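Reviewing the structure listed below.
Here, each number is a calculation from the coordinates, and none is a lab measurement. Predicted model, so just to flag it, every value in this text is computed and none were measured. Here the Cβ positions follow ideal geometry from the backbone for every residue, glycine too, while neighbour counts run over all protein chains shown.
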Amino acid sequence: MEGDVNHPSCFHSLGYLNDHIGFCGSIKNSPSDFVVTEIDMFGQSVRENVTDSLLDFDELPDEQNSLCQHKKLKTVPEESSLEEEHFQRWKGFVNRTNPSRQYMILDTDIVAGTNDECGPEETDILSSLLAVPILESLTEFACSVKSELCSKMEAATPQIEFSLGSFIDKGQRAIIHSAIQQTFPFLITATRNTEVIVKPNLDYRELCQLVSEEEAGNFFKYLDAKLANSKFTFKPDMNKEHRKAVHHFLSKKFGKLVETKTFSKEDSGQQNTIITARFRAKIGSRKRRCRADCLDTIDTYTAFTLRKENLETLEAICCLSSELGVLPSDFSYAGIKDKKAITYQTMVVKKVSSTRMKEVESRIEKNRLKVYNIRSAHQHLRLGQLKGNLFDIRVRDLKTQRGDSSADIKGRICEAAENIKKNGFINYYGPQRFGQGKHVQSNQIGLALLKEDMVKAVKLLFTPEEEDNPVNRAKRHFLQTEDAKGTLALFPECKVRERMVLRALNRYGVNPEGCTRAWFSIPHSMRIFYVHAYCSKVWNEAASYRLKTYGSRVVEGDLVSWEAGTDETPLSDRVHVVTASEETSKTYALHQVILPMLGHNIRYPDNKVGEWYFEMLGKDELQKCTFRNSLLQLNIPGCYRHIVKYPRHLSYVIEDSENVLDSKDGTKELNSTLSSKPSLSISFELDSSCYATVCLREIMKYGC
């Protein structure tokens, strides 16, 4: 691929999944050629309905709050196709059935409702997800289970189950799970491979022996909703022994999820005793929860949608922090976005009110920043707290691959697009992960940090490239003189990370202790970025080796994502090693195969790929590495990543000065007078942590 994207050398040797020829073109000629829009955890584009007006839904009355959000989320273009409308309906299910989720409204007090009919009005959501015969059978099954649970409380319920069929899309399965559990709380769902199974909820029956069916149903809806810091209150209960039995049951069955307490509450002059359940805080957030419980010390959080153009995420944050008078560490975000692009993403800033954020809008525009949809929030964002990203990309100067001059560019593009839709692409970490340096990439710095060689890591950070510009001149000055103060004066203001390191080096010296303090001076997310870059480089090479060794077959010893339980179950709890019999029977498909990211809490494949990992660790002298760095407070537990991913809703348009070919309309033909430099507009969605440049690499086959 031509253009701005300089792929590091560690990217060139990686293989491809598809065997089409591909084509050439250039991307990122300008930021407007690469538009990235974040998709939040509920499947909503953060770019939808952005507005410059102040939105603070927490200050609205509850009914008006829900109505505003409901209207916002329910908008569907009138001219959408039936298929697109169907997708929009299931994509927005979570917000439409529980609007308060979108704006992170916390401290919600949930009390049992009154709806315990078989097949309530939420069934219209299921009707958009399931075929009519399946939905009718599900309703009959639910009614029979409900009848049995109600009439035979003491009898053992038979282990019956009902299959809804197979659903390939993980996001759709997640919404089906939630839709059923919100509609029929006396049922539980599970995923078996890609098949969704429905069973009676025996815990519901046991709870019904202690509380009313109304309370039991709403408690299980509460568990499914997973609203952070929300509470569920049971009806008043003056019987101490009965309250003790309820506490014991909830602790035994759901003790890892919720904690319960008894409170006295005055109602209409009468003192009542109630049981309240709330989700347990994670260990790292207990301190924050205790602080939040003290009303006098609650932090102010403001969420907003940030539009940035041709800026790194850290540059944008530093600009905002300077204008708002807070630290860069007071900002949180779900993911780092491309620099040479126009990007839209949600951010949350601490210690800043919605009104204060509104005041800086006009001042930050000169820095190619805009903020929209400003609203109050009650917690920060976490990395990875997004469903994915929508990419709108223009590829310019289209031409065939070298040696393929007689081919039709239209045919090459159509062939590539169909292959990607059918087979997906190898889910490599993208070149952004490693930087654009030719001499030093981020993964090399990460390796030095893992070896705890802090001085080498600093020297690598300041290794210059060949270009003669202020940054490289400053880096050369530092390596020649180790004069941190003088180098700081030469470094451009926009290089925030390097300037942080130089300030610390000037104070503590260019020695092992000083270099350690220098690395510790930059935010944790930046320190761990380099280590993750190294782990990502190893993962990329492992994925390429796996496919070259075994191809698309799933073989004995492979690790697969074994989807027992719901899709909320952590992937580490669903790792399964393929057996010889499963290889023979072809139980699993390639899209279920996962590979580990290096860390102290992962397992390796039990085949040649596992052996390759150990050889790579030996080559890099990391055999004894614990992936815990106490000097820099880095803890790398590791994780798992699917080898293959699929783009969603891929569409494209080929344009030239006279003609347009729309991929959605096969009746249109390109005129024979096609200009010499047509362009391609392509749009698709990817899951979080997937890279558009990697998907384009598989489509175009550049560099091969």
### Task
Order the peptides 160-168, 387-395 from the highest to the lowest mean number of other Cβ atoms within 10 Å of their residues.
387-395, 160-168
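May I ask you to compute the full-extension gain from L202 to F520, defined as 0.36 nm times their residue separation minus their alpha-carbon distance, rounded to one decimal in nm? Kindly include the intermediate steps, with their values, before the conclusion.
Values: separation 318, 0.36 × 318 = 114.48 nm, distance 5.11 nm.
Taking L202 through F520 to full extension adds about 109.4 nm, to one decimal.
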### Task
Per residue, how big is the convex hull around the C-alpha atoms of segment 411-539? Give it to me in cubic angstrom, could you?
134 Å³
## Note on the structure
Taking r as the C-beta separation of T194 and S264 and R0 as 45 Å, the FRET efficiency to the nearest 0.05 is 0.35
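For segment 537-642, give the magnitude of the charge dipole about the Cα centre (Cβ charges: +1 Lys/Arg, -1 Asp/Glu; no others), in debye to the nearest 20. Display every interim value, and only then the final one.
Working: 12 positive and 14 negative charges, 63 e Å.
Once rounded to the nearest 20, the dipole reads 300 debye.
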### Task
Report the label-to-label distance for E136 and N635 in nanometres (one decimal), using points 7 Å from each Cα along the Cα→Cβ vector.
5.5 nm
### Task
Would you mind putting 223-233, 683-693 in packing order, based on average other-beta-carbon counts within 10 Å, highest first?
683-693, 223-233
### Summary
Computed curve, segment 462-522, Cα-only Debye sum without solvent term, log₁₀ I(q)/I(0) at 0.19, 0.28 Å⁻¹, is -0.62, -1.21
